[in-house]
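We did not get these values from a lab; they are worked out from the coordinates using the rules stated. Bear in mind the structure is a predicted one, so any value in this text is a computation, not a measurement. We place every Cβ from the backbone using ideal geometry, glycine too, and count neighbours over all the protein chains shown.
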Amino acid sequence: MCFPLYACAKEVVRRYRPVLDEFGITYTQYITLMVLWEHGSSSVGYLGEKLYLDSGTLTPVLKSLESKGYITRHRLKGDERTVQIELTEEGKELRERALKVPKTMKSCIILDTEKTKKLYDLLYEVLASFEKEN
């Protein structure tokens, strides 16, 4: 089971690359932006939880997005330990241009709607089982 999961994940990320190159972002940057587009302002901790990434992996992603002008990072005034991430206007505008990405990627995985939903549900069930272990 592990090898096909690994191989599929690697292949999906590979297929995203040419689509995301148009925007100058990586897959990890894209999924980070997706969380921000959906939830708005977020802490680094929240982003890490949603993306299953530790801060050592997430910090360079955020620095890169900030250098591209898509986000800003700042410490909360009431809690200096918390770094808050906000979309810039350019980051919000990128969302509009990136709306075509899911449709483009859907054509890469040829499964009917029922199987796609089942796979989605099963993968989240597996992720939930890992959370129970921790």
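How far, in degrees from 0 to 90, does helix 27-39 lean away from the longest principal axis of the Cα atoms of the chain, to the nearest 10? Result, in degrees: 70. Evaluated at q = 0.17 Å⁻¹, a Debye calculation over the C-alpha positions of region 44-114 (equal weights, vacuum) places log10 I(q)/I(0) at -0.80. Here's the list of lysines a cross-link from Lys118 could span, going by alpha-carbon distance under 30 Å and ignoring same-chain residues fewer than 8 apart: Lys10, Lys50, Lys100, Lys103, Lys106, Lys132.
In percent, rounded to a whole number, the relative contact order of region 17-116 is 26, using alpha-carbon pairs under 8 Å and six or more apart.
Binning the alpha carbon pair distances of the chain at 5 angstrom intervals from zero yields the distribution 2, 8, 17, 20, 20, 15, 11, 5, 1, 0, expressed in whole percent. Mind checking the angle between helix 2-21 and the chain's longest principal axis? C-alpha axes, 0 to 90 degrees, to the nearest 10. Orientation of helix 2-21: about 60 degrees from the principal axis. Among 49-59, 107-117, the peptide with the highest mean count of other Cβ atoms within 10 Å heads the list, and the full ranking is 49-59, 107-117.
Counting helices only, and only those DSSP H runs with n ≥ 4, report the 222 nm mean residue ellipticity of the chain as the sum of -39,500 (n - 2.57) divided by its residues, in deg cm²/dmol to the nearest 500.
-22000 deg cm²/dmol
For the chain, the dipole from Cβ point charges (+1 on Lys and Arg, -1 on Asp and Glu) about the Cα centre works out to 320 debye, to the nearest 20.
Computed from label points 7 Å out along Cα-Cβ, the spacing between Cys108 and Thr72 is 3.3 nm. Applying 0.36 nm per residue to the separation of Thr116 and Lys10 and subtracting their alpha-carbon distance, the gain on full extension is 36.4 nm. Suppose we take every Cα in region 74-134 and form the convex hull; what volume per residue is that in Å³? Taking the convex hull of the Cα positions in region 74-134, it is 144 Å³ per residue.
Ranking Tyr124, Ile25, Leu51 by how far each Cα lies toward the positive end of the dipole of the chain (charges on Cβ) leaves Ile25 at the top.
Here the simple spin-label model places points 7 Å from the Cα toward Cβ, and for Glu86 and Ala128 these points are separated by 3.6 nm. Each residue of region 68-83 is assigned a 3J(HN,Hα), and the resulting list reads 7, x, 8, 9, 10, 10, 8, 7, 5, 5, x, 8, 4, 6, 9, 9 Hz, derived from the Karplus form 6.51 cos²θ - 1.76 cosθ + 1.60 (θ = phi - 60°), x at Gly and Pro.
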